[in-house]
1. If Ile81 satisfies all but one of (1) buried (at least 22 other Cβ atoms within 10 Å of the Cβ); (2) in contact with a strand residue (DSSP E or B) (Cβ under 7 Å, 6 or more places away or on another chain); (3) farther than 15 Å from Ser134 by Cβ, what's the number of the condition it fails?
2. Can you tell me which residue in segment 115-155 is surrounded by the most Cβ atoms within 10 Å (Cβ to Cβ), limited to those that are over 12 Å from Glu3 (Cα atoms) and of a type in the set (D, E, K, R)?
3. Suppose the filter is of a type in the set (A, V, I, L, M, F, W, C) and either crowded, with 20+ Cβ neighbours inside 10 Å or under 15 Å from the mean Cα position of the chain (by Cα) (or both); does Leu112 pass it?
4. Please go through segment 144-168 and give me each residue that is within 16 Å of Pro109 (Cβ to Cβ) and either of a type in the set (Ser, Thr, Tyr) or in contact with a Ser or Thr (Cβ under 9 Å, 6 or more places away or on another chain) (or both), ordered by number.
5. Which of the residues belonging to segment 35-51 are surrounded by 15 or more Cβ atoms within 10 Å (Cβ to Cβ) and either at pLDDT below 95 or in a helix (DSSP H, G or I) (or both)?
6. Given the criterion at pLDDT below 95 and of a type in the set (Lys, Arg), identify the matching residue among Arg124, Arg151, Arg145, Arg141.
7. Sort through Ser72, Ser58 and tell me the only one that's surrounded by fewer than 20 Cβ atoms within 10 Å (Cβ to Cβ), touching a strand residue (DSSP E or B) at 6+ places or on another chain (Cβ under 9 Å) and on the phi < 0 side of the Ramachandran plot.
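The values are calculated or read from the model by the stated rules, or taken from the named source; none is laboratory data. Here the structure is a predicted model, which is why all the values come from computation and not from measurement. Glycine also receives a Cβ, built like all others from the backbone with ideal geometry; neighbour counts cover every protein chain displayed.
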Amino acid sequence: MSEGVRAGVLLDRDGVLTRMREDYVKSWDEVEVLPGAPDAVARLCAAGYPVAVVSNQSAVGRGLMTLDVLNSIHRRLDAIIRAAGGEISEYLVCPHHPDAGCECRKPRPGLLREAAQRLDLNLRRTYMVGDQPSDVLAALRARCRPILLPRDGADLGAAVDYILAQSN
């Protein structure tokens, strides 16, 4: 895979942009956008970073929701982020059951590499922000710069502060 030219930011969805649910987000009614997350994405975009979501969504593979419902959730989340002045360039998901053995499920780096290819990202200059050890492992395997948010109240804004301070 050739290295892209741009630095970007890859975000996990649940626990970073939206509240994590132990029973999986299965519909828009179960989505809770985390405070400050849309504004944080807008700040990244204003600084010139392309932003993509890379997320394990095994609720699809478990039969708890369809891909159509998942895509609908992302369209509605996208509208909220756009209203704040931000943009998610790509939503890349692993819809498979954890036992499927696919290459796209984090901690494997498949989704991150796909995002890099689609957005012409240089993974060595790209940040991966997540709230799970699997996010960090995926970032390290893809040679990204991992940022692990606390699971008890993720603060994407603090991660964005760090990323923007590094680019100065």
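1. That leaves (2) as the condition not met.
2. Asp135
3. Numbers: of a type in the set (A, V, I, L, M, F, W, C): yes; either crowded, with 20+ Cβ neighbours inside 10 Å or under 15 Å from the mean Cα position of the chain (by Cα) (or both): yes.
Yes: the conditions hold for Leu112.
4. Once the filter is applied, which keeps residues that are within 16 Å of Pro109 (Cβ to Cβ) and either of a type in the set (Ser, Thr, Tyr) or in contact with a Ser or Thr (Cβ under 9 Å, 6 or more places away or on another chain) (or both), segment 144-168 yields Cys144, Arg145.
5. Of everything in segment 35-51, those that are surrounded by 15 or more Cβ atoms within 10 Å (Cβ to Cβ) and either at pLDDT below 95 or in a helix (DSSP H, G or I) (or both) turn out to be Ala37, Pro38, Asp39, Ala40, Val41, Ala42, Arg43, Leu44, Cys45.
6. Values: Arg124 fails: at pLDDT below 95; Arg145 fails: at pLDDT below 95; Arg141 fails: at pLDDT below 95.
Within the list Arg124, Arg151, Arg145, Arg141, the selection yields Arg151.
7. Working: Ser72 fails: touching a strand residue (DSSP E or B) at 6+ places or on another chain (Cβ under 9 Å).
Exactly one residue qualifies, and that residue is Ser58.
Here's the yes/no breakdown for (1) within 16 Å of the chain's Cα centre (by Cα); (2) in contact (Cβ under 8 Å) with a residue 60 or more places away in the chain; (3) under 14 Å from Asn56 (Cα atoms):
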position: Glu3; (1), (2), (3): no, yes, no
position: Val16; (1), (2), (3): yes, yes, yes
position: Lys26; (1), (2), (3): no, no, yes
position: Val33; (1), (2), (3): yes, no, no
position: Val41; (1), (2), (3): yes, yes, no
position: Leu44; (1), (2), (3): yes, yes, no
